[in-house]
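Colleague: This is the structure I have questions about; it appears just below.
The values are calculated or read from the model by the stated rules, or taken from the named source; none is laboratory data. Being a predicted model, the structure only gives us computed values, none of them experimental. Here Cβ is always computed from backbone atoms with ideal geometry, including for glycine, and neighbour counts include all displayed protein chains. In case anyone asks, the SASA skips ligands and DNA or RNA and just uses the protein heavy atoms, side chains included. Shrake-Rupley method; radii C 1.70, N 1.55, O 1.52, S 1.80 Å.
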Amino acid sequence: QVQLVESGGGLVQAGGSLRLSCAASGFPFAIYAMSWFRQPPGKEREFVAAINWSGYYADSVKGRFGISRDNAKNTTYLQMNSLKPEDTAVYYCAARFPLKADIRTVPDVDFWGKGTQVTISS
């Protein structure tokens, strides 16, 4: 049974930091591309960052967010720094086979987590 379980969300002030984690199980994690998406209130789900052998980012978070993965722990991380109120959203972990796959749009995704809320106060 495939599971992606996000954790680490919460409420922080603008300028602060959070680290999200995504624990994966039920599929061969090391050969899947991993990604983070977010869905702000009243808006569509959007790409944030993804990683295969290296990370790539949406322009809106480049330089502030860092994505990483630990294949030994079947976990993906999203380090979020210099947070802004517009970063407020539900953040979702996503996976796509194979590792080299581009995973920047919702239709690209094979598996989704249930999300974790991130709220940034001004």
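Colleague: Restricting region 1-43 to residues that are among the polar types (S, T, N, Q) and part of a loop (DSSP other than H, G, I, E, B), which is least open to solvent (accessible area, probe 1.4 Å)? Walk me through how you get there before you give the answer.
Modeller: Taking region 1-43 first, the residues among the polar types (S, T, N, Q) are 1, 3, 7, 13, 17, 21, 25, 35, 39.
Filter once more, so that each one left must be part of a loop (DSSP other than H, G, I, E, B): 1, 17.
Values: 1: 181, 17: 62 Å².
The qualifying residue least open to solvent (accessible area, probe 1.4 Å) is 17.
Colleague: Please state which of the following conditions residue 75 fails to meet, knowing it meets all the rest: (1) among the hydroxyl-bearing types (Ser, Thr, Tyr); (2) free of Cβ contacts under 8 Å to residues at least 60 places away in the same chain; (3) open to solvent by 50 Å² or more (accessible area, probe 1.4 Å).
Modeller: (3)
Colleague: Restricting to region 78-96, and then to whatever is open to solvent by less than 50 Å² (accessible area, probe 1.4 Å) and touching a Lys or Arg at 6+ places or on another chain (Cβ under 6 Å), can you tell me which residue is farthest from residue 106 (Cα to Cα)? Give the derivation first.
Modeller: Taking region 78-96 as the starting set, the residues that turn out to be open to solvent by less than 50 Å² (accessible area, probe 1.4 Å) are 78, 80, 83, 87-95.
Then drop every residue that is not touching a Lys or Arg at 6+ places or on another chain (Cβ under 6 Å), which leaves 89, 91.
Values: 89: 16, 91: 13 Å.
If we take residues in region 78-96 being open to solvent by less than 50 Å² (accessible area, probe 1.4 Å) and touching a Lys or Arg at 6+ places or on another chain (Cβ under 6 Å), then 89 is farthest from residue 106 (Cα to Cα).
Colleague: I'd like the residue in region 98-122 that is more than 13 Å from residue 50 (Cα to Cα) and open to solvent by 60 Å² or more (accessible area, probe 1.4 Å) and, out of all such residues, is modelled with the lowest pLDDT.
Modeller: Among those that are more than 13 Å from residue 50 (Cα to Cα) and open to solvent by 60 Å² or more (accessible area, probe 1.4 Å), it is 122.
Colleague: If you don't mind, there's one more thing I want to ask. In the list 51, 67, which residue meets the criterion of being closer than 14 Å to residue 19 by Cα and either among the basic types (Lys, Arg) or out of contact with any His (no Cβ under 7 Å at 6 or more places or on another chain) (or both)?
Modeller: Numbers: 51 fails: closer than 14 Å to residue 19 by Cα.
So the residue among 51, 67 that is closer than 14 Å to residue 19 by Cα and either among the basic types (Lys, Arg) or out of contact with any His (no Cβ under 7 Å at 6 or more places or on another chain) (or both) is 67.
Colleague: Hey, among 4, 20, 78, which residue is farther than 22 Å from residue 100 by Cβ and aliphatic (A, V, I, L, M)? Steps first, answer last, please.
Modeller: On the way: 4 fails: farther than 22 Å from residue 100 by Cβ; 78 fails: farther than 22 Å from residue 100 by Cβ.
Of 4, 20, 78, the one residue that is farther than 22 Å from residue 100 by Cβ and aliphatic (A, V, I, L, M) is 20.
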